[in-house]
Amino acid sequence: MDDLLSEFIVETAELLASAERSLVALDAARSDRAAVDEIFRAAHTIKGNSAFFDLYAIADVTHALESALAAARDGRVIPDDRFMAGLFAGFDAVKALFARVKGGDPPGDPPEGIVARLAALAERTEDGDGTAHIPPPASPAPAPDPPQEEETGPDAPDGSRAPAAAERTAPPVEETLRVRVEHLNRLIEQIGELVTIRSGLRHADRRLADPELSRLHLRMDKSLRKLRDLSLSLRMLPVSRLFDRYPRLVRDLAVKTGKKVRLAVAGGETELDRNIIEELADPLLHLVRNSVDHGIEPPELRELSGKDPTGTLSLSARHVENHVVIEVRDDGSGIDREAVLRKAVEAGLVDRQAAGTLSLDDVIQLIFEPGLSTRDRATELSGRGVGMDVVRSRVESLHGTIHAQSVPGEGARFELRLPLTLAILQVLLVRSAGGLFGLPLLSVEETARFNPALVEREPGLEFLNLRGEAVRIAPLDALLGHPDPGAAPRHAVMIRHGERRVALTVERLAGKAEVVLKPLGPWLGRVPGVMGAAALGDGSLVPVLEIGALLRERLHD
Amino acid sequence: MTERRLVFLVAGRRYALPLAGVLEVIRPEPHAWIPNVPPAVLGIANFRGRTLPLADGALLLRHDRPVEPGEAVRILVVAHPELQGTPVGILVERVAGIRTVDPAALRPRDELAGRALHAAVCGIEPTDAGSVLHLDLALLLGRPDA
């Protein structure tokens, strides 16, 4: 594809996204001047660019949009519901035409009647009386008058005045560069390999104990760390890239389902590896759809329960230590524990007798099990094949965790924890069942010496008293199902498992490591409880475990 | 048209694989055990920077007991295009050598119908030292629990 055309495609995609954000903002606040200006600017730019490429269908529609927006801006028309609907339809038409161009095809014709419809919007509305419904632009902050009189320097030899040196110049534009993601990915992979080789060097350094080698190794280590951190930062994007799609989506969903929903977004500037952001799009979409479709009740029902008829859906992201927490929360009806438990027993996931012993938290997490849906018919919006089980497996394939919480009648909250990047994983190495295993540090809260004498026993369960908290014990060798139990456990690793903590007992701890996670390969495919394999500095391979999955397997025994 | 086949022993029986599918023959390497895999899968090993899944040839071919440790034990590193060429290691008791055969001349598997033959056996070659069971690599690797 032509380079110029590629540029056009990238730029137009950005402009359309920006226009959509502003459209939603304008829809919510009809006198939002900045939004009108932004939409106008986007339409205008797309019009000019598409004309350059002879994409006249797009140019025609955006021209009509431009006229309608200009009319609103000048106060000739009111942005009422009919107007907004027209704008949305206009931009949807542009998106459809653009999608064909992006796919390498000619745009074709605009949907019938759209240009005429938009042209009609630019006509004076019946109530339009010239009164500006959109406030005129606030007078710009007084710029210093370009100094006409004062000389700013010696007169030019021919007597003409030197140009006003104090004339305001535009603020410097941020320097950016467009880079192919594929190149970045390969660069980061190479650096990952270097990091692994460095580990090998460290081993050699220790063995040889040569002072010069040690010195060089230390310097290389520092330099390599910086290189690694810099390269990873290249791939970081703000989460807002993900969140930006939702205002329009939530608005459309709410309209479709007849509900009133307000979307609150926070922490958009939180950064995450681009590859993770890409992969999160579908799961997050499902959670959002789920909240609007199943969570938030119709306005009448909400009012009857004394709630604000407009429900609130909030999306937020924040950094916590070395990972990111993304939360999707709504103030709807929450997750029906009884219904989930009933379905789970029906589906054979939970034994009827065991059902009574499950905690509220355990039951709620059952929604992530395949084959469970508390709605008897899949609705058009939420029944499209991306179920909660897929959400969880996607999140876990990103080395993250997802946990659901709910208060009946008050709402539901989904918390996703994700590492900052997929390239490098921080793990805690432990010895168990005669082998070494890696536990993602993301899930590890603390470690402690394990004294079997301090174990408290109740029928079928063993507990550790940790500063007054009763923490369930799960021997790692038993979790793994290894035939040979190995030596007696001397250490316990506190793992966060949803709301609770579990003490994983292991033979001993073997230090922390930063590893490049390798997949197990297509022949083995996805092995429950194993995230992948990591090569240590001495070349040995260590399986990295998915503790959540291992603990869940045990729950179903 | 003849083909070269690598002959190996497992549970005292002779089997053969197309040489084209065998990347390397290596001595046994330390491997890491992993949970939740079929019994034939021994674990994973680091093979030239990549993850090599390791399978016990005897168990893979549905014999009762795993390969006995011994001096002659080797790992056949095989790869099949259907698996995107990613290698899999098969532990065998002994590598016997290379034979050149005409696939068309192999006896069909029904001839030994009395014995339960692994689905991957695609032909039988009678020799003085007993028959060699020729295997189809794709069928052998079909699924770890096949």
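The values are calculated or read from the model by the stated rules, or taken from the named source; none is laboratory data. Since we're looking at a predicted model, the values are computed, not measured. Neighbour counts are summed over all protein chains in view; Cβ atoms, including those assigned to glycine, are modelled from backbone coordinates with ideal geometry. What goes into the accessible areas is simple: the full protein's heavy atoms, side chains included, and nothing from ligands, DNA or RNA. Shrake-Rupley method; radii C 1.70, N 1.55, O 1.52, S 1.80 Å.
Do we find a residue being in a strand (DSSP E or B), under 13 Å from the mean Cα position of the chain (by Cα) and small (Gly, Ala, Ser) anywhere in the stretch B:48-67? There is at least one residue in the stretch B:48-67 that is in a strand (DSSP E or B), under 13 Å from the mean Cα position of the chain (by Cα) and small (Gly, Ala, Ser). The set of residues in the stretch A:519-539 that are at the interface with chain B (Cβ under 7 Å from one of its Cβ atoms) and touching a residue at least 40 places away in the same chain (Cβ under 8 Å) comprises A:529, A:535, A:539.
When you scan the stretch A:411-419, do you find a residue that is more than 14 Å from every other protein chain (Cβ to nearest Cβ), surrounded by 14 or more Cβ atoms within 10 Å (Cβ to Cβ), touching a residue at least 40 places away in the same chain (Cβ under 8 Å) and not in a strand (DSSP E or B), even just one? So far as the stretch A:411-419 goes, no, none of its residues is more than 14 Å from every other protein chain (Cβ to nearest Cβ), surrounded by 14 or more Cβ atoms within 10 Å (Cβ to Cβ), touching a residue at least 40 places away in the same chain (Cβ under 8 Å) and not in a strand (DSSP E or B). Considering only residues in the stretch A:286-310 that are open to solvent by 40 Å² or more (accessible area, probe 1.4 Å) and aliphatic (A, V, I, L, M), the one that is nearest to residue A:256 (Cα to Cα) turns out to be A:301. Within the stretch B:65-94, if we keep just the residues that are in contact (Cβ under 8 Å) with a residue 40 or more places away in the chain and among the charged types (D, E, K, R), the residue that is most open to solvent (accessible area, probe 1.4 Å) turns out to be B:65. Report yes if some residue within the stretch A:18-28 is in contact with a Ser or Thr (Cβ under 9 Å, 6 or more places away or on another chain) and either over 18 Å from residue A:248 (Cα atoms) or of a type in the set (A, V, I, L, M, F, W, C) (or both); otherwise report no. No, that holds for no residue.
Considering only residues in the stretch B:30-43 that are free of Cβ contacts under 8 Å to residues at least 60 places away in the same chain and under 17 Å from the mean Cα position of the chain (by Cα), the one that is farthest from residue B:70 (Cα to Cα) turns out to be B:39.
Taking the options A:542, A:493, A:502, A:506, name whichever one is open to solvent by less than 30 Å² (accessible area, probe 1.4 Å), at the interface with chain B (Cβ under 9 Å from one of its Cβ atoms) and β-branched (Val, Ile, Thr). Of A:542, A:493, A:502, A:506, the one residue that is open to solvent by less than 30 Å² (accessible area, probe 1.4 Å), at the interface with chain B (Cβ under 9 Å from one of its Cβ atoms) and β-branched (Val, Ile, Thr) is A:542.
Looking only at residues of the stretch A:232-280 that are among the β-branched types (Val, Ile, Thr) and touching a strand residue (DSSP E or B) at 6+ places or on another chain (Cβ under 7 Å), we find that the one that is most open to solvent (accessible area, probe 1.4 Å) is A:265.
Take residue A:470 and tell me if it is more than 30 Å from residue A:360 (Cβ to Cβ), at pLDDT below 85 and either within 30 Å of the chain's Cα centre (by Cα) or of a type in the set (Gly, Ala, Ser) (or both). Taking the combined requirement at face value, the residue does not satisfy it. If you check B:30, B:35, which single one turns out to be facing another protein chain (nearest Cβ under 10 Å), at pLDDT below 95 and open to solvent by less than 10 Å² (accessible area, probe 1.4 Å)? B:35 is the lone residue from the list that is facing another protein chain (nearest Cβ under 10 Å), at pLDDT below 95 and open to solvent by less than 10 Å² (accessible area, probe 1.4 Å). Among the residues of the stretch A:456-483, just one is closer than 24 Å to residue A:436 by Cα, touching a strand residue (DSSP E or B) at 6+ places or on another chain (Cβ under 7 Å) and open to solvent by 70 Å² or more (accessible area, probe 1.4 Å), namely A:472. Residue count for the stretch B:94-146 satisfying the condition of being under 29 Å from residue B:27 (Cβ atoms), modelled with pLDDT under 80 and among the hydrophobic types (A, V, I, L, M, F, W, C): 1.
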